[in-house]
């Protein structure tokens, strides 16, 4: 059974609190360097100590993950690589501070750079190990191709605008090599994360990788800025570079804190699919890389003082040809995405009534039960049977019977919140999952449904519904929960056949029902499956699961 761990608050765990305090510390540092009290000599100590502390905390959090067996061997190995990489940063920052403050010598280049340089391959290996956790085996081949495409694209851009510059191409000193190595390492790790994050990962995995990518972005800004100033031998304020590096450390600390807050349960989270726009971008990413590569080729040829006219003709012809092929592929992708969304809606929806079908119900009930256990929330289930429907169907025909099913399905949906799940269970039976709902409140909802149904008339015939109500408690399986609701429904149906049983069917006196009736009627018709096109129609099953997390019943 799967659930989503992304809703867990960081501030509920010590690592999250420490991360929040560290964020305030970085903000305080930024205010300090812009205040009149800023001193470069003091900054050298403060910034180095800050980097050491942040990396040391990140290393400690990482060790916690590595030693928790429930995270699984592969995830622990991947995070072990990242943790050892952070340890290298701790050693490097300590050596930098020792050379600068104790020995009073220029710390670049120095032995500290050896440990700085180890951070990049270790982090890259750790990120690549994550592909064996978050990406299904059948998708890994395409992932590795995407990774090769993105990395090749990044290396091409770096080569043309950075590595092949005369100042680097004609100089092979250690300091020049290091100035090249650091930003290139950041870019390559970022490219690997981009290739991985565009897959259908779990929501927590995407958050963690996004924070690591943010760390790389801050590192790129700081490293490129540092390299530029070193090459130009210009005066610059080191504090601004320290801000970038502090933010990079903080983003990686937030990534491991997010992992700890989610717990080992993130391995069981359902994948979170992109919207159609995100899916289109993911599919178009390799083609964008081709366009950029051709653009670089055009720029390179035009910078030649005397380009060959025949070569130019072939180049522009190739550009036009590739653009036409890409346009054709784009149109095909649009059709494929629309078809996939349509098929997903069909797979979830009962074609007659427009509510969810039994397949969707079978998917969602175990997830909601697991969530109820994990977060100690209440969960109730309604099983509804239309009384006398078979006789009505035989008397007035199947088409009139279809009208009854459609109308009552709409009545049921109108009494629910957006987070409740109404599904057709089979024939004239419907089922409703009520997340975070006690049995008492479920009885109130059942009475409200019966009252709404009693106002409907079909061919001058009034129909009623028998509703079985049950609430989940640990130890029940989905099958047992449905069986309990089924038994309760038949007990109420039998009780309703005689006047003395009608009070038992209601479950609660009318005076207990009235106060909560309006408070619970906030869902309207939103819980019905999306019909046709539009944003709601593009929701995936896992995005619907996430919507359940955010809509708590606060008025019980």
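Every read-out reported here was derived from the displayed coordinates using simple, explicitly stated rules and does not represent laboratory data. As the structure is a computational prediction, the values presented were derived from the model and not from experiment. Virtual Cβ from ideal backbone geometry, glycine too; neighbours counted across all protein chains shown.
General remarks:
- Distance between the modelled labels on residue 298 and residue 23, one decimal in nanometres: 4.3 nm (7 Å Cα→Cβ projection).
- In this rough spin-label picture, where each label sits 7 Å from Cα along the Cβ direction, the residue 64-residue 494 distance is 5.5 nm.
- Packing-based exposure ordering (other Cβ within 10 Å, fewest first) of 83, 131, 19: 131, 83, 19
- Share of pairwise Cα separations in region 10-272, more than 35 Å, in percent: 17
- Mean Cβ count within 10 Å, highest first, over the residues of peptides 486-495, 140-149, 426-435: 426-435, 486-495, 140-149
- Extension gain, residue 390-residue 323: 0.36 nm per intervening residue step, less the Cα-Cα distance, totals 18.0 nm.
- Label-point gap, in nm, between residue 11 and residue 487 - each point 7 angstrom along Cα→Cβ: 4.5
- In a fully extended conformation the segment linking residue 138 and residue 343 would gain 71.7 nm over its present Cα-Cα distance, using 0.36 nm per residue.
- Rounded FRET efficiency, nearest 0.05, which uses the C-beta distance separating residue 418 from residue 231 and R0 of 51 Å: 0.35
- Length released on extending from residue 73 to residue 411, taking residue separation times 0.36 nm less the Cα-Cα span: 116.7 nm
- Ranked list, fewest to most other Cβ atoms within 10 Å of each Cβ, for 459, 93: 459, 93
- For region 58-109: relative contact order, % (alpha-carbon pairs under 8 angstrom, 6 or more apart): 29
- Neighbour counts of C-beta atoms inside 10 Å place 88, 249 in the sequence 88, 249, starting with the fewest.
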